[in-house]
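Chemist: Okay, handing you the structure first.
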Amino acid sequence: MTQYLIRRLIQSVLTLFVISIILFGLISSVPGGIMSAYEENPDFSAEDIARIEAKYGLNDPVPVRYAKWVGNILKGDWGNSFVSKRPAIQEVKDRLPNTLILMGSMLVVTLLIAIPLGIISAIKQYSLFDHIATTIAFAGQSLPVFWFGLMLIIIFHVTLRRPDGTPLLPGSGMVTLGAPPSLGDRIEHLILPVSMLALVSAAGYMRYLRSSMLDVIHEDYVRTARAKGLRERMVLYRHALRNALIPLVTLVGLDLPSLFGGALFTETIFAWPGIGRLYFNAALKTDYPVVMAVLIIYSALILASNLLVDIFYAVLDPRIRYS
Amino acid sequence: MKNTLLRLTFRRFLRHRMAVVGSVILLVIVLLIIFAPFAARYDPFEQDLLNRFQPPSPQHWMGTDDLGRDMWARILYGGRISLSVGLLSMVVAVVVGSLVGLLSGFYGGWVDSILSRITEIFLSIPRLFVLLALGMFLRSLNLPYIKAGSFAPIAIVIGVLSWMSVARLVRGSTLELREREFVVAARMIGATNMRLMFQHILPNVFSPIIVSATLGLAGAIISESGLSYLGFGVQLPTPTWGNMLSNTQNQMMIAPWTVIFPGLMIFIVVIAINYMGDGLRDALDPRHFTRE
């Protein structure tokens with residue numbers, strides 16, 4: 001087991017290394033250099049650009065710049081944002097909690113919807129409930145998530161009003177500006193962004209759990225459990241569900257890239273000050289240090305979660321051999 | 001013989017009611033888009049600033065946008081780009097995925113190790129974030145044909161980031177097929193590796209490839225719309241269903257129709273394609289059909 005873990009860890013680090021080379025190569029191969037975005041900017045003269053390029057060694061060969069960049073990152077220096085002039089890593093750190101709040105709440109809500117619906121649909125296969133739930137889930141999987149967010153704003157922020165004429169739910173930000181901070185206010189601001197992501201991803205998880213539950217229900221050990229006279233509840237929850245949840249854990253872990261992507265849309269639409277919005281603005285303004293910092297950190301998080309899934313899987317399922 | 005197989009498959013497809021409904025809806029939309037000049041009375045680029053933000057009416061079925069352009073015309077012409085991007089990225093993804101899967105399943109050993117590592121690398125990048133970076137890269141190239149709203153670069157980029165599931169699928173099937181008697185027999189009478197891969201194995205993987213191509217098409221349409229919505233895909237004024245939605249957020253109060261219709265088109269087309277894929281899966285894989 002330890003040997004297996006060490007090998008997987010080394011693999012992940014190597015993968016991250018390769019990813020960083022690819023991404024760095026991509027960004028550095030922008031024709032005219034990364035300062036080319038400023039060529040048409042009246043605030044920058046050609047001399048300014050040449051001076052900046054010389055100061056930051058932007059004319060060095062790409063491998064030399066890559067080595068310097070990695071060296072600096074290992075020392076904790078990710079470069080300064082072109083826009084805010086603050087350290088890029090500080091920009092990311094400042095927004096990480098906001099993104100974690102959003103993604104955490106979203107994951108909890110997703111599972112709270114998907115697990116019960118998936119179980120009921122599987123147990124009552126082909127019932128009216130199953131048909132309705134799977135149809136809605138199918139539709140949910142076909143929704144463009146950003147448009148769904150816009151629709152939620154139109155319905156719950158623009159159209160529906162409280163008796164006093166103010167919008168039913170807030171449509172942007174994390175708190176009401178100028179209002180005294182309160183938990184209720186924060187939760188109200190979470191409702192729409194979280195629903196946008198949770199309803200769409202719950203659709204996929206629900207369909208997945210339904211089919212893995214259906215697979216498990218027909219396994220021999222479930223029949224054995226029934227045959228030895230266990231109550232149906234015990235059979236379903238102790239024997240079937242436990243095994244059906246294992247693939248769901250994998251799915252959640254491997255789904256991280258699309259969760260990050262979903263959060264980028266949510267944060268852009270709901271003006272949520274998280275990493276997705278930071279990245280979006282950085283990409284708009286070709287703020288390369290921030291772009292690279294977010295790309296590398298997110299890739300590392302995804303690799304780490306893949307590793308965790310493998311470990312979790314190995315611990316949960318004794319049938320897996322670490323070879 | 002082949003005809004009967006095709007007819008059986010078709011009959012199984014017809015039994016999937018939603019798949020048939022989806023195909024018909026898709027067909028109607030595709031026809032409308034192809035014959036857009038006849039289906040729309042207005043030019044999609046013609047501005048009419050006196051008639052901005054007109055609600056849907058007999059003159060403008062889906063209303064007009066912030067520059068007074070007819071939404072219905074823009075939806076039809078935008079559909080040309082959106083569907084083309086979807087098709088092109090799907091083709092790229094299927095070709096790359098099938099090649100990678102075939103090679104790594106057929107040769108195994110170090111070829112498989114290297115290709116599998118590459119697949120894993122592509123699976124562990126934050127996809128949308130890299131798409132934005134690539135969109136940023138494409139814009140910085142300042143190529144005249146990108147500015148003119150060309151969609152090919154974006155479509156290829158989307159395809160290059162979405163071939164992994166096809167590769168895994170084809171690799172799995174190839175691993176199993178290469179040990180089958182008919183492949184071993186073909187090898188014994190002297191078939192080359194190329195012939196084994198493309199004549200004997202590939203045709204047997206067609207069914208799952210067709211199904212995942214269909215689902216991939218739906219995914220690619222969603223990817224393009226998201227990317228263009230954020231402003232990193234096909235550039236305005238060329239309309240696509242995605243970029244028609246960008247900057248509409250501040251119009252929601254006065255002109256909700258500019259937000260509702262483009263997204264509704266994406267949703268309808270994607271759900272129709274997904275149901276079609278579902279039906280194709282049932283029709284092409286009888287084992288799957290009997291189990292459901």
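The values are calculated or read from the model by the stated rules, or taken from the named source; none is laboratory data. Not measured: the values here are computed from a predicted model. Because the Cβ atoms are built from the backbone with ideal geometry, glycine has one as well, and the counts that use them run over all protein chains shown.
Chemist: Listed residues B:PHE198, B:PHE137; which is among the hydrophobic types (A, V, I, L, M, F, W, C) and farther than 25 Å from A:SER28 by Cβ?
Modeler: Answer to the check: B:PHE198.
Chemist: Applying the selection to segment A:158-186, what residues are under 25 Å from the mean Cα position of the chain (by Cα) and within 20 Å of A:LEU197 (Cβ to Cβ)?
Modeler: A:LEU169, A:PRO170, A:GLY171, A:SER172, A:GLY173, A:MET174, A:VAL175, A:ARG186
Chemist: Please find, within segment B:104-133, the residue that is farthest from B:VAL160 (Cα to Cα) out of those that are among the hydrophobic types (A, V, I, L, M, F, W, C) and touching a residue at least 60 places away in the same chain (Cβ under 8 Å).
Modeler: B:PHE106
Per-residue answers, yes or no, for (1) assigned to a helix (DSSP H, G or I); (2) more than 7 Å from chain B (Cβ to nearest Cβ):
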| position | (1), (2) |
| --- | --- |
| A:ALA133 | yes, yes |
| A:ILE136 | yes, yes |
| A:ALA139 | yes, no |
| A:TRP147 | yes, no |
| A:LEU150 | yes, no |
| A:ILE153 | yes, no |
| A:HIS157 | yes, yes |
| A:GLY165 | no, yes |
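Chemist: Among residues belonging to segment A:271-294 that are touching a residue at least 24 places away in the same chain (Cβ under 8 Å) and within 8 Å of chain B (Cβ to nearest Cβ), point out the one that is nearest to A:VAL92 (Cα to Cα).
Modeler: Per the criteria, the residue is A:VAL294.
Chemist: Among what's in segment A:93-149 and is β-branched (Val, Ile, Thr) and within 21 Å of the chain's Cα centre (by Cα), pick the residue that is nearest to B:ILE221 (Cα to Cα).
Modeler: Taking the candidates together, the pick is A:VAL145.
Chemist: Could you say which residue among A:TYR288, A:TYR237, A:TYR298, A:TYR313 is within 15 Å of the chain's Cα centre (by Cα) and among the aromatic types (Phe, Trp, Tyr)?
Modeler: Exactly one of A:TYR288, A:TYR237, A:TYR298, A:TYR313 is within 15 Å of the chain's Cα centre (by Cα) and among the aromatic types (Phe, Trp, Tyr), namely A:TYR298.
Chemist: Can you find a residue that is out of contact with any strand residue (DSSP E or B) (no Cβ under 6 Å at 6 or more places or on another chain), on the phi > 0 side of the Ramachandran plot, buried (at least 19 other Cβ atoms within 10 Å of the Cβ) and not in a helix (DSSP H, G or I) anywhere in segment A:279-289?
Modeler: Within segment A:279-289, one or more residues are out of contact with any strand residue (DSSP E or B) (no Cβ under 6 Å at 6 or more places or on another chain), on the phi > 0 side of the Ramachandran plot, buried (at least 19 other Cβ atoms within 10 Å of the Cβ) and not in a helix (DSSP H, G or I).
Chemist: Residues that are part of a helix (DSSP H, G or I) and within 11 Å of chain B (Cβ to nearest Cβ): does segment A:224-245 have at least one?
Modeler: no
Chemist: Pairs only if they're at least six apart or on different chains, beta carbon under 7 angstrom, first in segment B:26-54 and at pLDDT 80 or above, second surrounded by fewer than 16 Cβ atoms within 10 Å (Cβ to Cβ); list them, first residue then second.
Modeler: Once the first residue is at pLDDT 80 or above and sits in segment B:26-54, its partners that are surrounded by fewer than 16 Cβ atoms within 10 Å (Cβ to Cβ) give B:LEU32/B:ALA39.
Chemist: Only one of B:SER140, B:SER82, B:SER98 is within 12 Å of chain A (Cβ to nearest Cβ), in a helix (DSSP H, G or I) and under 22 Å from the mean Cα position of the chain (by Cα). Can you tell me which?
Modeler: Exactly one of B:SER140, B:SER82, B:SER98 is within 12 Å of chain A (Cβ to nearest Cβ), in a helix (DSSP H, G or I) and under 22 Å from the mean Cα position of the chain (by Cα), namely B:SER82.
Chemist: Tell me, please, whether a residue that is among the β-branched types (Val, Ile, Thr), surrounded by fewer than 22 Cβ atoms within 10 Å (Cβ to Cβ) and within 14 Å of another protein chain (Cβ to nearest Cβ) can be found in segment B:162-184.
Modeler: Checked against the condition, which is being among the β-branched types (Val, Ile, Thr), surrounded by fewer than 22 Cβ atoms within 10 Å (Cβ to Cβ) and within 14 Å of another protein chain (Cβ to nearest Cβ), segment B:162-184 yields no hits at all.
Chemist: Could you check segment A:174-232 and list, in sequence order, the residues that are buried (at least 21 other Cβ atoms within 10 Å of the Cβ) and among the basic types (Lys, Arg)?
Modeler: Selection gives A:ARG210 alone.
Conditions (1) within 30 Å of A:THR286 (Cα to Cα); (2) in contact with a Gly (Cβ under 8 Å, 6 or more places away or on another chain), marked per residue:
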residue: B:GLY135; (1), (2): yes, yes
residue: B:ILE154; (1), (2): yes, yes
residue: B:VAL160; (1), (2): yes, no
residue: B:SER173; (1), (2): no, yes
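Chemist: A further question on this structure: Give me the pairs, please: first residue somewhere in segment A:189-201 and among the hydroxyl-bearing types (Ser, Thr, Tyr), second residue anywhere and assigned to a helix (DSSP H, G or I), beta-carbon distance under 7 Å, and either six or more positions apart or on two chains.
Modeler: Pairs that qualify, where the first residue is among the hydroxyl-bearing types (Ser, Thr, Tyr) and the partner is assigned to a helix (DSSP H, G or I), are A:SER195/A:LEU152; A:SER201/A:THR110; A:SER201/A:GLY262.
Chemist: Being more than 10 Å from chain A (Cβ to nearest Cβ), in a loop (DSSP other than H, G, I, E, B) and in contact with a Ser or Thr (Cβ under 6 Å, 6 or more places away or on another chain) is the filter here, so list the residues in segment B:223-271 that pass it.
Modeler: Result: B:VAL234, B:THR240, B:ASN243.
Chemist: Shifting gears a bit: Of the residues in segment B:55-79, how many are free of Cβ contacts under 8 Å to residues at least 12 places away in the same chain and assigned to a helix (DSSP H, G or I)?
Modeler: Count: 0.
Chemist: When you look at A:ALA304, is it modelled with pLDDT of 85 or more, assigned to a helix (DSSP H, G or I) and within 16 Å of the chain's Cα centre (by Cα), yes or no?
Modeler: In short, yes.
Chemist: How do the pairs read when you match residues in segment A:295-317 that are without any contact (Cβ under 8 Å) to a residue 60 or more places away in the chain with residues anywhere that are part of a helix (DSSP H, G or I), using Cβ under 7 Å and keeping only pairs 6 or more apart or on different chains?
Modeler: Between residues of segment A:295-317 that are without any contact (Cβ under 8 Å) to a residue 60 or more places away in the chain and residues that are part of a helix (DSSP H, G or I), the close pairs are A:TYR298/A:PHE260; A:TYR298/B:PHE129; A:LEU301/A:LEU256; A:ILE302/A:LEU256; A:ILE302/A:PRO257; A:SER305/A:GLY253; A:SER305/A:LEU256; A:LEU308/A:GLY253.
Chemist: Considering only segment B:243-266, I want to know if a residue exists there that is at pLDDT 90 or above and in contact with a Leu (Cβ under 8 Å, 6 or more places away or on another chain).
Modeler: Looking through segment B:243-266, at least one residue is at pLDDT 90 or above and in contact with a Leu (Cβ under 8 Å, 6 or more places away or on another chain).
Chemist: A:THR268 - would you say it is among the β-branched types (Val, Ile, Thr), over 21 Å from the mean Cα position of the chain (by Cα) and at the interface with chain B (Cβ under 9 Å from one of its Cβ atoms)?
Modeler: no
Chemist: So which of B:SER89, B:SER116, B:SER57, B:SER98 ends up being farther than 28 Å from B:ILE210 by Cβ and out of contact with any Phe, Trp or Tyr (no Cβ under 8 Å at 6 or more places or on another chain)?
Modeler: B:SER57
Chemist: If you check B:PRO286 against the conditions, is it farther than 28 Å from B:TYR107 by Cα and either surrounded by fewer than 19 Cβ atoms within 10 Å (Cβ to Cβ) or at pLDDT 85 or above (or both)?
Modeler: So B:PRO286 passes the test.
Chemist: Going through segment B:249-276 one residue at a time, which ones are surrounded by fewer than 21 Cβ atoms within 10 Å (Cβ to Cβ) and small (Gly, Ala, Ser)?
Modeler: The one that is surrounded by fewer than 21 Cβ atoms within 10 Å (Cβ to Cβ) and small (Gly, Ala, Ser): B:ALA255.
Chemist: State which residue is modelled with the highest pLDDT when the search covers only segment A:52-107 and only residues that are more than 29 Å from A:MET174 (Cβ to Cβ) and in a loop (DSSP other than H, G, I, E, B).
Modeler: Restricting to residues being more than 29 Å from A:MET174 (Cβ to Cβ) and in a loop (DSSP other than H, G, I, E, B), the top hit is A:LYS75.
Chemist: Which residues, taken from segment B:39-91, are surrounded by fewer than 17 Cβ atoms within 10 Å (Cβ to Cβ) and among the polar types (S, T, N, Q)?
Modeler: B:GLN47, B:ASN51, B:SER57, B:GLN59
Chemist: Here are the criteria: (1) among the hydrophobic types (A, V, I, L, M, F, W, C); (2) at pLDDT below 90; (3) surrounded by 19 or more Cβ atoms within 10 Å (Cβ to Cβ). Tell me which single one B:ALA191 does not satisfy.
Modeler: (3)
Chemist: Note down all Cβ pairs under 6 Å where the first residue falls in segment A:50-69 and is surrounded by fewer than 13 Cβ atoms within 10 Å (Cβ to Cβ), the second is not hydroxyl-bearing (Ser, Thr, Tyr), and they're at least six residues apart or on different chains.
Modeler: Listed pairs, sorted by first residue: A:ASN59/A:GLU53.
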